[in-house]
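Worksheet: one structure, shown below.
The values are calculated or read from the model by the stated rules, or taken from the named source; none is laboratory data. Model, not experiment: these values are computed from the prediction. For neighbour counting, all protein chains shown are included, and Cβ atoms are generated from backbone atoms with ideal geometry for every residue, glycine included. Each accessible area value is taken on the protein alone, full model and side chains, heavy atoms only, with ligands, DNA and RNA left out. Shrake-Rupley method; radii C 1.70, N 1.55, O 1.52, S 1.80 Å.
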Amino acid sequence: MKHTELIRQMTLEEKASLMSGKNFWQTQNIERLGIPSIFLADGPHGIRKQAAAADHLGLNESIPATCFPTAATVANSWNIELGGKIGRYLGAEAVSQKVNVLLGPGINMKRNPLAGRNFEYFSEDPYLAGKMAASYISGIQTYGISACVKHFAVNNQEERRMSIDTIVDERTLREIYLTAFEIAIKEGKTKSVMSSYNMLNGVYTNENIHLMREILRNEWGFEGVVVTDWGGSNDRVDGLIAGNELEMPTTAGETDEEIIQAVKSGKIKEEVLDESVDRLLELIFATEEVYNNPQKEFDRQEHHQVAQEAAEESIVLLKNEGNILPLHKNKKVAIIGEFAKEARYQGAGSSIVNPSILDNTLDCLEESGIISMGFESGFDRYGTKNQKKIDKACALAKNSDVVLLYIGLDEATEAEGLDRHSMMIPENQIELLNALYQVNNNIVAVLSCGAAVEMPWINKVKGLVHGYLSGQAGAKAILRVLTGAVNPSGKLAETYPIKYEDTPSYNHFPGKEVSVEYREGLYIGYRYFDTVNKDVLFPFGFGLSYTTFEYSKIELDTEGVTFNITNTGQREGMEIAQLYVGCNSTKIFRANKELKGFVKIFLNPGETKAVSIPFDDKTFRYFNVKTNCWEIETADYEIMIGASCADIRLQGVITIEGTGAPLPYDNEQLPSYYSGKANIVSLEEFERLLGCKVPAAKWDRSKPLGYNDTIAQCEYAKGGVARFAFKLINFSHWFLRKIGKRSTANLIMMSIYHMPFRGIARMTGEVINMPMLDGVLLIVNGQFFKGLRHVLSEGRKRAKTAKAKQKLAQTTKEA
Ligand code: BGC
């Protein structure tokens, strides 16, 4: 331990007090020992430091900061230097705002396109996500503060996110859902990790010994701090035993008391607490040091410029029929679409940044050189079809050479706490597009959204530029791509299926009651589509450029692969070359190909560069469930260099000597996994993969509701009051949507509907404590009067204790 001397001077109470927050964002301090509190703030793509009212849902405004493009956007750049640069700028802003721990990056896998926080995450591929995350983390931590990689782990849906039990087999867990974290921890060297809200195979992640101790600490050697997601602590003592140092936010001392009692009763050894305190002290002192030299204000313009650069490298050109782009000079352009006036540039929830500067298309038009014929919004951002607006837009389009149509998802659709209901963009935007197509078919769509959408309308546009959620400078960056000032170089970090039903997890997303079963196993994203040869709209790794590239001269050895890339077009540009590996043996099921490396290089017209991608410890490994280790199979491996996962330009074969581990599976028992057709897997086959029975996925409606049941389950509660409350919540949600207040309606879902009862105590800073909650649960379960009496008497006790504490604090202060 690094701080033994200091810990020796601490009382048990003081040690326990450090294990949870002092308030919503800060850790506890101990003045007499010179232990300061540190500040934790969201979020992944900008600093959300709340100076006044605090919340974890992005409701109250924060101090202005640069809103960089979200992770889903920057992943399209495939540029780890850029990730590092964004990280450094984030770090500098964190320091200038005195934030010690920046709560990001978020690196959960995009298992399903509808998952509500996809816009905050990098990719469906763990290698790409891990490498991008590591670069952000190194950047953020350059300044001595801490990144906090989240949400560890298997938090891939928002529905019932605080209680859902993720059922996943060990190999899929390791290869798909943990690899990005492994890279972030080993290569990014993050100083802290945020545990997720959900359970993993029946145990809350922050209490999960397998995840938190065996994998995170023992295997990966993580020595930093694990912090709970806000309000995500279930059993505080079990969490501590698993190595969860910090519970956030404050529970006003309630869980400190649980720790004290557990030490006194011997449930937990004091050394375990000491070790946690030691690691937390290390984080506190390491990140506090940075403020000894107070930083000056950050340069808003310079940071805005970096946000623009990040957006420019991340925009993806998806279609360019007849080279409609870059826009030819002298063309008369109609600007249509609500998002051109008010940019759609980030998602909703805890990641929301109050931008320091905000560009929008209309204001940047003049500088871009585009000859604008005018602007029409064409549709209501949150509404239904508006014929008047469509007519005006068509009139403008008729007199123009090209239509620039700004469409996408609105901010109430892509929000933390909620999954999307469909992959479509709003109908009123499609109706507008259909009408415009009748009068002018030179349409270039500019799409803004943070996740994959269906595009049944794709044939009606000649050009398609996907800006994703491109941050505060995104509008200008997109214009620079449209005019050709920037040659687009982004490639998709996720697959775009033709229709949602094609998604491999379609039948098992989201889990609606007790659990969600990852029956598709490791076949998520391109791993599935590519293996079963299913057509997609846009494959993983796809993106166009205004120039062309040729690949040649592949050379292979056991160290890696080298090849040449030539810019065969007329313009300078950047190409992203991707290394995929496939195994020729069929003894162990695998995806057809998996991403194992990538480079992004700049080339002048006519220029050729030699590129090498080294192999690493992930290139040939698979997780063997028999040996419980990473192993390598002796086999011939296809080494593929692609411009996307579906566009392999060079190929070679290499024989690799393996580790000689026994075969983990019997292929006859797992036909869906051996064929890759894992979109429909029977329960029995999934159980064979898991190696155990799958727990019941449905609620047992005969049982009384407890701490970990959610408010939504009041639907079947025994107590009439609870059932009435459920109806009221549902009605309010329906009504708010009906009157167009979608964000407020969302809030009900996020902060009430899916909240487990224990969350009431964890999130209210002891306004309602656990003993009072017991009374609430009695009411919910049909014992109204007994419950009410309990709530009132516990409330009185709580008030009395609080008063006594206050008095004690006052006397100590006076003394
Ligand atoms: C989110 C975290 C976030 C935290 C604090 C939670 O609701 O899941 O990502 O960092 O709130 O705002």
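Can you give the FRET efficiency to the nearest 0.05 for residue 399 and residue 716, using r as the Cβ-Cβ distance and R₀ = 51 Å?
Computed FRET efficiency for residue 399 and residue 716 comes out at 0.25.
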* Structure fact -> Residues whose built amide H sits under 5 Å from the amide H of residue 250, excluding neighbours closer than 5 in sequence, are 21, 23, 24
* May I ask which residue of 516, 771, 679 lies farthest towards the positive end of the charge dipole of the chain, with charges of +1 (Lys, Arg) and -1 (Asp, Glu) on Cβ and the Cα centre as origin? => 771
* To do: Could you pull out every residue, at least 5 positions away or on a different chain, whose amide H is within less than 5 Å of the one on residue 538? Hs are placed 1.01 Å off N in the peptide plane, and Pro or chain starts have none.
  => 496
* Quick one: what do you get for the range 507-619 if you divide its Cα Rg by 2.2 N^0.38 Å? -> 1.36
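Using helices alone, I'd like the mean residue ellipticity at 222 nm for the chain: each DSSP H run of four-plus residues gives -39500 (n - 2.57), total over residue count, nearest 500.
Counting only the DSSP helices, I get -9500 deg cm²/dmol.
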* Structure fact -> Compactness check, the range 301-517: C-alpha Rg relative to the 2.2 N^0.38 Å globular estimate gives 1.02
* Asked: Taking θ as phi - 60°, what are the ³J(HN,Hα) couplings along the range 714-719 by the Karplus curve (6.51, -1.76, 1.60), each to the nearest whole Hz, with x for Gly and Pro?
  -> 4, 3, 10, 5, 6, x
* When all protein chains stay in place, what accessible area (Å², nearest 10, 1.4 Å probe) is found for residue 299? -> 80 Å²
* **Dipole magnitude (debye, nearest 20) for the chain, charges at Cβ of Lys, Arg, Asp, Glu** => 2440 debye
* Mind checking the angle between helix 300-314 and the chain's longest principal axis? C-alpha axes, 0 to 90 degrees, to the nearest 10. -> 60 degrees
* Structure fact -> Packing-ranked peptide list from 362-371, 801-810, 583-592, 168-177, highest mean Cβ count within 10 angstrom first, is 168-177, 583-592, 362-371, 801-810
* **Sites residue 610 and residue 382 - FRET efficiency at Förster radius 60 Å, r taken between beta-carbons, to 0.05** => 0.70
* Structure fact -> With Cα coordinates, the longest principal axis of the chain makes an angle with the long axis of helix 387-398, in degrees rounded to 10, of 40 degrees
* Asked: In percent, how large is the relative contact order of the chain, given Cα pairs closer than 8 Å and 6 or more residues apart?
  -> 13 percent
* To do: Give the dimensionless ratio obtained when the Cα radius of gyration of the range 711-814 is divided by 2.2 N^0.38 Å.
  => 1.35
* Asked: Sorted by mean Cβ packing within 10 Å, highest first, what order do the peptides 519-525, 411-417 take?
  -> 519-525, 411-417
* Loop-located GluC sites (Glu not before Pro) in the range 217-323 whose Cβ has at most 10 other Cβ within 10 Å (DSSP) -> 297
* To do: Using θ = phi - 60° and the Karplus relation 6.51 cos²θ - 1.76 cosθ + 1.60, list the HN-Hα couplings for the range 439-454 in order, rounded to whole Hz, with x at every Gly or Pro.
  => 9, 7, 9, 8, 9, 10, 8, 10, 9, 10, 5, x, 8, 5, 10, 7
* Quick one: order 683, 59, 579 from most to least accessible surface, probe 1.4 Å. => 59, 683, 579
* **Dipole magnitude (debye, nearest 20) for the range 535-690, charges at Cβ of Lys, Arg, Asp, Glu** => 300 debye
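Over 31 Å between C-alpha atoms is what I'm after, so list which of 131/462; 332/499; 319/341; 553/626 land there.
131/462; 332/499; 553/626
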* Selected from 318, 291, 276, residue furthest toward positive end of dipole (the range 261-323; charges at beta carbon) -> 276
* **Amide proton proximity set for residue 624, modelled H, under 5 Å, gap of 5+** => 629, 630, 631
* What is the distance in Å between the Cα centres of the range 1-60 and the range 564-630? -> 42 Å
* Kindly state, as a whole number, the per residue volume in cubic angstrom of the convex hull around the alpha carbon atoms of the range 387-453. => 87 Å³
* Asked: Among all the lysines, which ones have a C-alpha under 29 Å from residue 786's C-alpha, if same-chain residues fewer than 8 places away are not counted?
  -> 703, 718, 727, 797, 800, 803, 805
* Average projected area of the Cα convex hull of the range 346-421, in nm²? -> 6.9 nm²
* **Principal-axis tilt of helix 270-288 within the chain, Cα atoms, nearest 10 degrees** => 50 degrees
* Structure fact -> A 1.4 Å probe over the protein heavy atoms gives the range 431-580 a carbon and sulfur accessible-area percentage of 42 percent
* Equivalent ellipsoid semi-axes, the chain, via Cα gyration tensor eigenvalues times 5, rooted, Å -> 43, 32, 28
* Dimensions (Å) - the range 535-690, Cα atoms, principal axes, largest first -> 57, 35, 19
* **Ranked by how many other beta carbons lie within 10 Å on average, peptides 501-513, 595-607, 725-737 from highest** => 501-513, 595-607, 725-737
* To do: Of the DSSP beta bridges with both residues in the range 301-517, give the percent that are antiparallel, rounding to the nearest 5.
  => 15 percent
* Structure fact -> Taking every DSSP bridge whose two residues both lie in the chain, the antiparallel percent to the nearest 5 is 60 percent
